[in-house]
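The values are calculated or read from the model by the stated rules, or taken from the named source; none is laboratory data. These figures come from a predicted structure and were not determined experimentally. Cβ coordinates were reconstructed from backbone atoms using ideal geometry, including for glycine residues, and neighbour counts include every protein chain displayed. Just so you know, the surface numbers come from the protein's heavy atoms only, side chains and all, with ligands and any DNA or RNA stripped out. Shrake-Rupley method; radii C 1.70, N 1.55, O 1.52, S 1.80 Å.
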Amino acid sequence: MRLALNTFAYEVGKVPVEEALRSANKFGFTFIEYAAYGSSAPISMSKARRSEIIKIFKDSGLQCSQMLLANTENMASSDSAKRKEAMEHMKRCTDFQLELGGKQVLICWGCGVLESGIMHEESWTHTVSSIREYAEWSLDKGILIDLELDPHVYFVVNNTVKMAKVIEDVGMPNVFPNVDIGHLCITREAPNTLEKLKSRILHVHISETDTFEHTNSIIGTGNADFKAYIDKVLELGIEENCRRYGEACVAGIEMGEPGGTVDDPDRWVRESLEYLGKILPELKL
């Protein structure tokens, strides 16, 4: 298993993604989780800037192991226009991932946010329909779609039972669960709860928590038991799963929260790597 750097900490720290990629290269990373958020969102970029980012990837030998589709909160909305906007975001970000040479994408926001006054069953139906439409559009492009479990009550998919159910209901071969360790610590789902998902696990997020909030702080400053979950996904065959789909087996260091503060992204990465080197020395850049 290899370590990837998630660019979100740099976006929160108001550092352009171009600089984030150069920092990743200096640290020795090969794999990048590209957060399509804020100034880094491909849908709002000029053609020239997109070309420059692609050039940095190629010149530095970087690989985009996952594109985070950050603006997907409305994919469960009762408003069809909002669902359409979320779908357009996902498709345009996917186009950029293909330009970067990657094929994994992540649907964020727990696959949609529940609405007050709308029955949860209706929101679930919209989420399933949206994911299926997107998966059908992505299938012939070779895209592998990871789904994010977000740990709070207002997300459509907020535990591993719902994760397994949404994958079953969507019924598409290119849909997979993303394993976010910080999220699972909050939902009190021990590593063995991943057994129901074992044949489809392709990607892991290393994120931090204080056991109640998804702090996304420097790795090692909270209470997440990273080793227990990494050991479990390896036992469950994540490396074999990745080989089957022609993907590198990657765990991404995810830090930074929307609206939060990251004073020095490079320092956050450096301290996280120092901690991970002590508890999981087998994870290499």
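A few remarks follow.
- Each 5 Å bin, from zero up to the one with the longest distance, holds this percent of the alpha carbon pairs of the stretch 190-256: 4, 18, 25, 22, 17, 11, 3, 0.
- Surface accessible to a 1.4 Å probe, per residue, for the residues of the chain, Å²: 41 Å²
- Anisotropy class of the chain from Cα gyration tensor, a/c 1.5 cut: rounded
- Max mean-square fluctuation residue, GNM over the chain, Cα-Cα springs under 10 Å, options ILE167, ILE53, ILE238: ILE53
- Heavy-atom accessible area order for SER44, SER39, SER272, largest first, 1.4 Å probe: SER44, SER39, SER272
- Anisotropy class of the stretch 241-285 from Cα gyration tensor, a/c 1.5 cut: oblate
- The stretch between ARG188 and GLU257, if pulled fully straight at 0.36 nm per residue, gains 22.7 nm over its current Cα-Cα span.
- Simple label model, 7 Å out from Cα along Cβ direction - PHE212 to ALA164, nm: 3.0 nm
- Full-stretch length increase - GLU271, ASP225 - with 0.36 nm per residue and alpha-carbon distance subtracted: 14.9 nm
- Efficiency of FRET from Cβ geometry, SER44 and LEU285, R₀ 22 Å, rounded to 0.05: 0.15
- Part-to-part distance (alpha-carbon centres) for the stretch 243-281 and the stretch 137-181, which is given in Å: 22 Å
- Mean-square fluctuations from a GNM of the chain, with a 10 angstrom spring cutoff on Cα atoms, peak among ASP140, ASP79, ASP263 at ASP140.
- Multiplying the residue separation of ILE118 and ASP264 by 0.36 nm and subtracting their alpha-carbon distance yields 48.4 nm.
- Percent accessible area from carbon and sulfur atoms, the chain, protein chains only, probe 1.4 Å: 51 percent
- D_trans [Stokes-Einstein, Kirkwood Rh over alpha-carbon pairs] for the stretch 152-200, 4 °C, 1.567 mPa s, µm² s⁻¹: 114 µm²/s
- Diagonalising the gyration tensor over the Cα atoms of the stretch 78-228 and scaling each eigenvalue by 5 before taking the square root yields semi-axes of 25, 19, 15 Å, largest first.
- Among complete DSSP H helices in the chain, those whose alpha-carbon atoms stretch at least 18 Å along the helix's long axis and whose mean Kyte-Doolittle hydropathy reaches -1.0 are 47-60, 120-139, 265-279.
- Distance between the stretch 1-43 and the stretch 75-100 - C-alpha centres, whole angstrom: 21 Å
- For the chain, CYS64, CYS93, CYS108, CYS111, CYS185 have no disulfide-compatible partner, since no other Cys C-beta lies under 4.7 Å from theirs.
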